[in-house]
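What follows is a single structure, and I will ask about it in a moment.
FYI, it's all coordinate maths here, none of it is from the lab. What you are looking at is a predicted structure, and each value in this text was computed from that prediction instead of being measured. As a convention, Cβ positions derive from the backbone with ideal geometry for all residues, glycine included, and neighbour counts pool all protein chains shown.
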Amino acid sequence: MSTASQTPTRIIDFKTAARELLPPGASYDACLSCGLCSAGCPASGLEGMDPRRFIRMAMLGMNEELSTTAWVWTCTQCQRCKYVCPMSIDVSVLVGLARGAWPTEKKPRGIVRSCEAQMRSPGTSAMGLQEEDFVETVEEEVASVRAQGERFARLEAPIDKQGAHFFVNQNSREPGTEPEEMAPLWKIFDYVGADWTYSSKGWAAENFCMFTGDDEAWRKMVEQRVAAVKRLGCKVWLNTECGHSFYTLWKGVERFGLEADFEAGSLVSYYARWIREGRLPVNADWNTQGIKFTVQDPCQLVRKSLGDTMADDLRFVARRLVGDANFVDMAPCRSANYCCGGGGGFLQAGMKELRWAYGKRKFDQIMTTQADYVLTPCHNCHSQIEDLGQHFHGGYRVVHFWTLICLSLGILGENERKYLGPDLARLGL
Amino acid sequence: MDAQTAGHGQVFETEVLIIGGGATGTGVMRDLALRGIHCLLIDRRDLNAGASGGNHGLLHSGGRYAAADADTAAECRREGDILKAVAPECIDACGGLFVAVEGDDPEFAARFPEHCRAAGIECKAITPAEARALEPCLSEKVVAAYTVPDATVDPFRITLENVNHARELTQSIFLSHTELERFVVAGGSIRSAICRDSRSGETISIHARQVVNAAGAWAMRVARLAGCSGVKLLYSKGTLIISNARIGARVINRLRAPGDGDILVPGGTVSLLGTTSQTVDNLDDIHPTVAEVDRLVAEGIAMVPEIAHTRFIRAFSGVRPLLLAAGAAADGRKASRGFSLFDHESEGLANFATVAGGKLTTFRLMAEKTGDLVARRLGNKQPCKTETTPLPSGDAIRWTEPGFAPRYWAARREPGGLILCECEMVPTSAIDAIVDNAPGAQSQMSLNAIAVRSRVGKGSCQGAFCSLRVSSHLYDRQVYDSPEGLRNTRDFVAQRFKGVAPVAWGEHLPQLELAEALHCSLLGLDHLADDRVVDDSAQQAPAGVQKP
């Protein structure tokens, strides 16, 4: 980010941009200076900035300062400011605009490299995972799950299955670094008899292009994925346990006016549905030790996309899995939840100290719940909260939903327990 | 001398007593101090409390008066050039446009360049398309446009600089909240001025060799206290409204005979739309009305259509003290914008002078002429130096400029530097500098006084939050040590409310509701006990915060 560069930063007229980009009545002109946004923004104080200040500086014409402040890379665009604003003013839109105007060589390298890798890869993988590597990894892992025993001897993880009901995407982290973490999800699909497929094209569930502020790149990512779903003729694009990959497609289709004749579904909604339908008969009988769980609402999935309906589903699934008595909510939560600081590309941006400072609020929230585990259906939340726990010595663990579902169903393999602590390492084996 | 013999009250000795802390009075103070003369300036309220605070801050090119009053126009042009040279930090040389829209008198527009030429005002015709390229906010219906060298001036900063400079030069003194009650006249001269501190109620006696009446709209009253009836003024109330953000880059004038809503003046980060003109008899309880605001908006839209959707955050009114020449029509629009210096010698006083009329743009010239008279009477041979001597700035007197505090903050990035006013981004350090060292700091620097010396209370929240934060800071610093501070806060927000109420529609209405909830429902400021000494701000403020 501090690389010396000759490319001049484009100076944005934020006041004008706000009038154009924000809906009537929610322009920066409507700001009451009440500070609800900054009071509830974990990025307040970083780089001397906060959302209200961003708005006021725009109204005061401080375009150069706003066009160059590194604060835009510490704002995760979580939109909590917009959610609490009595005038519904959205600062994140202008933060996105500011990010996009930074010269590429000055943007955080990690975010830029991830987007570039996605643009180069037909799979749209930010880790640059190639099509053949993905296919091969899946096949190897399928073989290994089948070898676990008779129960999963005929388990399948189809790739490019024409006409499958669900088009399932996959965060690159699993095939890239921990393929055994894919197995629990496949077992769930197998359990409920889902008709699903991966795709060799547009399979990845991450979109760092949105975080670079480059709308064109964001659009290209979404276009490739929409085309991949259409190619296989699937009815539902089923997003894995990931927040921003859902938002980027769901919002991108609308923002760029794309045609997508399929449902954008979240895995969590389907977990809830399958549990309600009795197809996924999970329960908390295993939790005899009274292990406490809390849940992190991914901003991208809850506040920014599906709202409290998603928050309800999350809690329904979590309570069924761990038992009502063992579930502790954070405060505030649901659509008013604080971002953990893993979003917006912050995790990839290399600004560790700032990211920890941002995440301290989330850490404190978690510690207040006294939970042993944090459940979250988001990879960025997962990584950040885990990192916060290590940095601030929280002693809690972070776990995917698929792990607990398989644990509850008694089908979690021995090597699928990476994120479980010693208390659960042997349970049900 | 009665104050001394009475054994109570303060007594001041000075060479020149100046009455009125506006641009003119402070201009006279500095003019005389530059000649080595000690002055004492008093104001019944505070600096800029009259027309010097209630105006649009326009530094006239003269274009506005070119058609009707070539002398005033030429005077404006010359004085504008001088101020741009000696006080550039107070001036935004933004330029100006005169535009006629469909329906305006085409002949008036056609004669404009000729009138400007006669007054020596640089004026260039541009096409309507060129005008819209310069100012995209202009109406499609613009039919004629001219550029002129209009500029804006920060009237608060210039008075603060005047007072500060006089203090540095001759230890001249400014006393706020000092109301003149009577003069002691003997032997054809004023021996002393008997005043009252409106906050403490104490008597103040001032002995001066010369007395200058620069009381603006109140000059006629002051002159009468000295037994002089020659000063005759016409009071013309003018109302303006302030937008939440700057609209045009330049001053935009309507090219027609002066009327309501014909000028949009940038004020740093905001714009001011003005001005109404209504003759009034009474100087008390001057406040803007909904009808005036409606007229301004309706007329302003013709030049700048976006005014229809602009968020305005406050309206305010001032009184133009216009000279009433014998036999002149009592019409504020047609009265002369020129000024007069009365030496009162024909009325039997040898040490009294009144300077009246004029404009903000010409205050320096008014001060020069007054200074010449007073210096001559004192036997001081020093020439006027204000034409060439730059006005010095200072840490405590630079906070009135819109946009300065945020730029200062952005440049310094003090990690621990708390911002007390979020709208205008005024840091704690600014408040501290003002409390410690701004003109008037020798007496209590209240929230009201700080607001005059900074942007506190002037942003979109109109004091809803900063009034409380700054007041808390003043209690923390022990500037406030009694419930009087809270009452000051109450009066401040009540005063702000008078200006906010007439523009309370659209996006600004929720702001008002929020302020009411905060000040009345949460803090109960409207139920604050009112047992206190007489404060002049009480004359401005209602007994409690009015509810919309």
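Picking from A:HIS391, A:ASN415, A:TYR338, whose Cα lies most toward the positive end of the charge dipole for the stretch A:281-416 (charges on Cβ: Lys, Arg +1; Asp, Glu -1)?
A:TYR338
Oh, and also: Under the definition of Cα pairs under 8 Å and six or more residues apart, what whole-number percent is the relative contact order of the stretch A:71-139?
RCO, the stretch A:71-139: 18 percent.
Here's another thing I want to ask about it. Rounded to two decimals, what ratio of Rg to Rh does chain B give with C-alpha atoms and a Kirkwood Rh?
Here Rg/Rh amounts to 0.96.
Name the long-range amide H neighbours of A:ASN169: under 5 Å, sequence gap of 5 or more, or other chain; modelled H, no Pro or chain starts.
Correct list: A:LEU238, A:THR240.
Follow-up. Over 37 Å apart: what share of the alpha carbon pairs of the protein assembly as shown falls there, rounded to a whole percent?
Beyond 37 Å sits 57 percent of the P(r) for the protein assembly as shown.
Provide the per-residue ³J(HN,Hα) series for the stretch B:341-357, in order, calculated from phi with Karplus coefficients 6.51, -1.76, 1.60 and θ = phi - 60°, each as a whole number of Hz, with x at glycine and proline positions.
Once rounded to whole Hz, the list reads 10, 9, 8, 6, 5, 5, 9, x, 10, 9, 10, 10, 9, 10, 10, 9, x.
Go through A:ALA98, B:MET220, B:GLN495 and say which Cα lies farthest out towards the positive end of the charge dipole of the protein assembly as shown; charges sit on Cβ, +1 for Lys and Arg, -1 for Asp and Glu.
In the protein assembly as shown, that residue is B:MET220.
What average number of partner chain Cβ atoms lie no more than 10 Å from the Cβ of the residues making up A:58-71? Mind dumping the intermediate values first?
Working: counts 1, 10, 15, 8, 7, 0, 2, 5, 1, 0, 1, 1, 0, 0.
Other-chain Cβ atoms within 10 Å of each residue's Cβ, averaged: 4.
Using Cα positions and a limit of under 19 Å, work out the lysines in reach of A:LYS418, with same-chain residues fewer than 8 apart set aside.
Straight-distance partners of A:LYS418: A:LYS187, A:LYS292.
Along the stretch A:414-421, what does the Karplus equation 6.51 cos²θ - 1.76 cosθ + 1.60 (θ = phi - 60°) give for ³J(HN,Hα), rounded to whole Hz, x for Gly and Pro?
Whole-Hz 3J(HN,Hα) from phi for the stretch A:414-421: 5, 8, 9, 10, 3, 9, 8, x.
Over chain A, what relative contact order in percent results from Cα pairs under 8 Å that are six or more residues apart?
Relative contact order, chain A: 15 percent.
Grab chain B and count how many Lys pairs have their alpha-carbon atoms under 21 Å apart, sequence gap of 8 or more, or different chains.
Lysine pairs, 8 or more places apart or on different chains, close enough: 19.
A:GLY100: net charge of surrounding residues, Cβ under 13 Å, Lys/Arg +1, Asp/Glu -1, itself excluded?
So the surrounding residues net to +2.
What relative contact order, as a whole-number percentage, does the stretch B:375-495 give when Cα pairs under 8 Å and 6 or more residues apart are counted?
Computed over the stretch B:375-495, the figure is 22 percent.
A further question on this structure: With a 10 Å cut-off between alpha carbons and a GNM built on chain A, which of A:ASN380, A:ASN283, A:ASN239 moves the most?
A:ASN283
Rounded to the nearest 500 deg cm²/dmol, what is the calculated helix-only ellipticity per residue at 222 nm for chain A, with -39500 (n - 2.57) per DSSP H run of length n ≥ 4?
Using -39500 (n - 2.57) per qualifying helix, the result is -12500 deg cm²/dmol.
Determine the dipole magnitude for the stretch A:125-213: charges of +1 sit on the beta-carbon of Lys and Arg, -1 on that of Asp and Glu, nothing else is charged, the reference point is the Cα centre, and the result goes in debye to the nearest 20.
Around 320 debye, computed over the stretch A:125-213.
Skipping prolines and chain starts, which residues have an amide H placed within reach, meaning under 5 Å, of the one on B:PHE339, given they are 5 or more residues away or on another chain?
B:GLY358
Now for a different question. Pick from A:GLY233, A:GLY413, A:GLY48 the residue whose mean-square fluctuation is largest in a GNM of chain A, springs joining Cα atoms under 10 Å.
A:GLY48
Principal axes first, then extents: for the Cα atoms of the stretch B:494-533, list largest minus smallest coordinate on each axis, whole Å, largest first.
37, 20, 8
Just name one of B:ALA315, B:ALA291, B:MET303: the one whose Cα is farthest towards the positive end of the charge dipole of the stretch B:283-326 (beta-carbon charges, Lys/Arg +1, Asp/Glu -1).
B:MET303
Just add up the charged neighbours of A:LYS235: K/R +1, D/E -1, any other residue whose Cβ is under 10 Å from the Cβ of A:LYS235.
-3
When the scattering of the stretch B:147-247 is computed by the Debye formula from its Cα atoms alone, each counted once and equally, what is log10 I(q)/I(0) at q = 0.18 Å⁻¹?
-1.13
Ok, one more. Using the Kirkwood radius built from alpha carbon pairs, what does the Stokes-Einstein equation give as D for chain A at 10 °C and 1.306 mPa s, in µm² per second?
My calculation gives 72 µm²/s for D.
Where does each of A:ASP423, B:ASP281, A:ASP387 land when they are ranked from fewest to most other beta-carbon atoms within 10 angstrom? Don't skip to the answer; put the middle values down first.
On the way: A:ASP423 13, B:ASP281 6, A:ASP387 19.
Ordered from fewest to most neighbouring Cβ atoms within 10 Å, A:ASP423, B:ASP281, A:ASP387 come out as B:ASP281, A:ASP423, A:ASP387.
Once the convex hull of the C-alpha atoms of the stretch A:110-271 is built, how many Å³ does it hold per residue, rounded to a whole number?
Spread over its residues, the Cα hull of the stretch A:110-271 gives 95 Å³ apiece.
Using the C-alpha gyration tensor of the stretch A:281-416, what are the square roots of 5 times its eigenvalues, in whole angstrom, with the largest one first?
Equivalent-ellipsoid dimensions as semi-axes: 24, 16, 14 Å.
Average the reciprocal distances over every distinct pair of alpha-carbons in the stretch A:14-106, invert the result, and give the Kirkwood radius in Å.
Answer for the stretch A:14-106: a Kirkwood hydrodynamic radius of 12.9 Å.
Taking the Cα centre of the protein assembly as shown as origin, sum charge times position over the Cβ atoms of Lys and Arg (+1) and Asp and Glu (-1), and report the length of that vector in debye to the nearest 20.
That gives a dipole near 960 debye.
Additional query: When the dipole is taken about the Cα centre of the stretch B:260-304, and only Lys, Arg (+1) and Asp, Glu (-1) are charged at their Cβ, what size is it in debye, to the nearest 20?
240
Sticking with this structure for a sec: Across peptide A:47-53, how many C-beta atoms of other chains are within 10 Å of each residue C-beta, on average?
Numbers: counts 1, 8, 0, 2, 0, 3, 6.
So the per-residue partner count for this stretch is 3.
Could you line up A:PHE54, B:PHE156, A:PHE152 from fewest to most neighbouring Cβ atoms inside 10 Å? The partial results should precede the final answer.
Working: A:PHE54 29, B:PHE156 24, A:PHE152 20.
Sorted ascending by nearby Cβ count, the order is A:PHE152, B:PHE156, A:PHE54.
Ok, one more. Can you list the HN-Hα couplings for the stretch A:326-335, worked out from phi with the Karplus curve (6.51, -1.76, 1.60; θ = phi - 60°), rounded to whole Hz and with x for Gly and Pro?
9, 9, 10, 7, 7, 10, x, 8, 6, 5
Apply the a/c threshold of 1.5 to the C-alpha gyration tensor of the stretch A:297-351 and tell me whether it is rounded, prolate or oblate.
prolate
Here is a further query. Enter the mean projected area of the convex hull around the alpha-carbon atoms of the stretch B:395-540, in nm², rounded to one decimal. Could the numbers behind the result be given before it?
Numbers: hull surface 36.6 nm².
That works out to 9.1 nm².
Quick check: net charge around B:LEU134, other residues with Cβ under 14 Å of its Cβ, Lys/Arg +1 and Asp/Glu -1?
Result for the local shell: 0.
Sort out for me the Cα centre separation of the stretch A:252-297 from the stretch B:413-452, rounded to whole Å.
The distance from the Cα centre of the stretch A:252-297 to that of the stretch B:413-452 comes to 53 Å.
Need one number: % antiparallel among DSSP beta bridges in chain B, to the nearest 5.
Details: 54 of 77 bridges.
Counting DSSP beta bridges with both partners in chain B, the antiparallel share is about 70 percent.
Most exposed first by the Cβ proxy, i.e. fewest other Cβ within 10 Å, how do B:LEU512, B:LEU418 rank?
B:LEU418, B:LEU512
Could you work out which residue, out of A:ASP285, A:ASP372, A:ASP215, moves most in a Gaussian network model of chain A, that is, has the largest mean-square fluctuation with Cα springs under 10 Å?
Of A:ASP285, A:ASP372, A:ASP215, the most mobile in the Gaussian network model is A:ASP285.
Using only the Cα atoms of the stretch B:93-223, what semi-axes does the equivalent ellipsoid have when each is the square root of 5 times a gyration tensor eigenvalue? Give whole Å, largest first.
Result for the stretch B:93-223: semi-axes of 49, 18, 15 Å.
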